[in-house]
Amino acid sequence: MSTDYVMGNLLDWMDKSTCNFTAVRTMSTSLDELGFQRLDENARWDIRAGGKYYMTKNGSALFAFIVGEGPVGDNGFRIVSAHSDSPCFKIKPNAEIYGDGGVVRLNVEKYGGGILYTWFDRPLSIAGRVAVRGTDWLHPREYVVDIKSPVAVIPHLAIHFNRGVNEGNPISVQKDMSPVLGYYKPEEIEEQKHRGGLVRIMVARELGIEPEDIIDYELCLYPVEKAQVIGAEGQYFQSGRIDDLSMAYAGFQALLDEHSVQTGATRILAVFDNEETGSGTKQGAHSPVMRNILERICRQLSGDPEDFYRAVANSFMISADDAHAWHPNYDSKYDPTNHPVMGGGPAIKINANCKYMTDSRGAAVFGELCRKAGVKCQYFVNHSDVAGGSTLGNIATVQLDIEGVDVGNPIWAMHSAAETAAVDDQLSMVLALREFFR
């Protein structure tokens with residue numbers, strides 16, 4: 001497997017996956033093309049050994065699996081988990097704010113913990129999901145939309161009006177971060193208001209529907225700059241949403257590359273949503289969605305109710321969420337002996353207060369997996385005076401008492417509008433996860 005193969009597919013995938021909904025749509029399209037059968041959560045399942053299936057939850061989380069050939073209780077599950085969401089700005093209802101000269105701005109809310117000032121002066125577009133009036137009031141029609149073109153910008157105040165901007169600049173999302181869409185004549189604004197607002201008009205134009213038929217929406221802003229390889233020798237790649245779409249892609253690519261290989265264990269890729277806000281939704285890792293899927297698989301494959309518990313006990317999960325790379329300008333922020341470097345391979349994430357699911361057994365399993373795959377791995381542990389965050393692994397264990405490990409590739413500028421990762425690390429993670437799914 002070549003670096004060009006991995007990176008060429010990744011960059012295109014990142015550009016198409018502009019939000020959680022478009023990421024799931026992109027994966028679903030590829031799975032359909034490879035013959036994976038889409039399952040409806042509210043219908044009966046017919047699961048067979050060796051079959052390839054997937055289901056989505058809320059249109060923003062995806063669970064793809066290849067059923068093992070062996071007894072499910074004995075062989076269990078091999079799970080790679082990641083998440084589809086990234087910090088961004090969500091567009092509020094009644095979003096248009098009208099100002100002098102006919103300027104139209106958007107009223108937005110911060111989603112997740114982004115580095116706010118990186119969003120200034122970038123060309124921004126809009127993506128997400130809209131609910132449209134249909135024949136059944138309980139089940140509105142839904143569309144995933146991506147306008148693609150740069151329709152907005154958050155302009156920064158000139159330094160002449162804030163001479164201390166480079167010495168620290170507190171930012172108010174409500175006051176400072178309203179994106180500007182354009183300026184319009186009074187009669188144009190009145191027409192926009194009459195038709196439900198400029199946001200609805202733009203989205204409806206993209207979808208080929210009437211703006212009056214849009215009941216509600218979940219829309220976010222994203223930078224339109226393309227993902228690209230950078231560095232003097234092309235060692236890095238840069239994009240928005242690397243955390244965590246690069247790990248979702250690594251798991252997705254590994255599953256597809258190994259989909260024709262027969263194994264005893266059932267292999268699962270779980271791409272949850274809402275990790276950036278705590279995973280506490282029906283499509284998040286804190287919900288029972290994963291447990292429900294595993295139970296349904298076991299019931300289909302075995303008539304023994306004990307086999308679900310045996311399968312979980314014989315399972316292993318790799319929770320893949322990017323890690324913090326050592327930054328050459330901020331050495332003092334990192335643990336002196338456990339700071340992963342760019343190009344050093346995937347990082348095993350450890351926390352003494354159990355913010356990660358990693359224990360010595362999980363770390364040993366992943367370390368041996370990397371050795372078998374012929375790739376390097378390293379460790380991430382927080383500086384002892386810095387409180388760390390958490391991720392999918394330990395949250396998922398609220399629902400499943402499963403063995404596993406939290407890992408991730410080291411990146412710079414996590415939660416920036418443009419993050420940076422190493423090409424070699426992406427290739428290494430795909431190779432390690434392919435070995436896991438083999």
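Every condition in (1) more than 21 Å from the chain's Cα centre (by Cα); (2) farther than 20 Å from D321 by Cα holds for F77 except the one numbered (2). Test G344 against the stated conditions and say whether it is over 26 Å from V423 (Cβ atoms) and open to solvent by less than 40 Å² (accessible area, probe 1.4 Å). When the stated conditions are applied, G344 does not pass them. Taking residues in segment 351-379 that are at positive phi, and partners anywhere that are modelled with pLDDT under 95, the pairs with Cβ atoms closer than 7 Å and at least 6 places apart or on different chains are C354/N394.
Applying the criterion of at least 3 residues that are open to solvent by 50 Å² or more (accessible area, probe 1.4 Å) and farther than 29 Å from L34 by Cα to the helices (runs of 4 or more DSSP H) found wholly in segment 151-264 leaves 186-194.
State whether one or more residues within segment 307-324 are polar (S, T, N, Q), open to solvent by 40 Å² or more (accessible area, probe 1.4 Å) and farther than 29 Å from G112 by Cβ. Checked against the condition, which is being polar (S, T, N, Q), open to solvent by 40 Å² or more (accessible area, probe 1.4 Å) and farther than 29 Å from G112 by Cβ, segment 307-324 yields at least one hit.
Residues that are assigned to a loop (DSSP other than H, G, I, E, B) and touching a residue at least 12 places away in the same chain (Cβ under 8 Å) within segment 290-330 comprise S302, D304, N314, S315, D321, D322, A325, W326, H327, listed in sequence order. Of all the listed residues (A347, A325, A313), the sole one being under 28 Å from V67 (Cβ atoms) and small (G, A, S) is A313. Looking at T22, T26, T18, just one residue is in a loop (DSSP other than H, G, I, E, B), surrounded by 13 or more Cβ atoms within 10 Å (Cβ to Cβ) and within 20 Å of the chain's Cα centre (by Cα), and that residue is T18. Among the criteria (1) open to solvent by 10 Å² or more (accessible area, probe 1.4 Å); (2) within 18 Å of I268 (Cβ to Cβ), the one N94 does not fulfil is (2).
Of all residues in segment 396-419, one or more are open to solvent by less than 40 Å² (accessible area, probe 1.4 Å), assigned to a helix (DSSP H, G or I) and among the aliphatic types (A, V, I, L, M).
The values are calculated or read from the model by the stated rules, or taken from the named source; none is laboratory data. On a predicted model such as this, the values are computed, not experimentally measured, just so you know. Quick reminder, even Gly has a Cβ in these numbers, built from the backbone with ideal geometry, and neighbours come from all protein chains shown. Just so you know, the surface numbers come from the protein's heavy atoms only, side chains and all, with ligands and any DNA or RNA stripped out. Shrake-Rupley method; radii C 1.70, N 1.55, O 1.52, S 1.80 Å.
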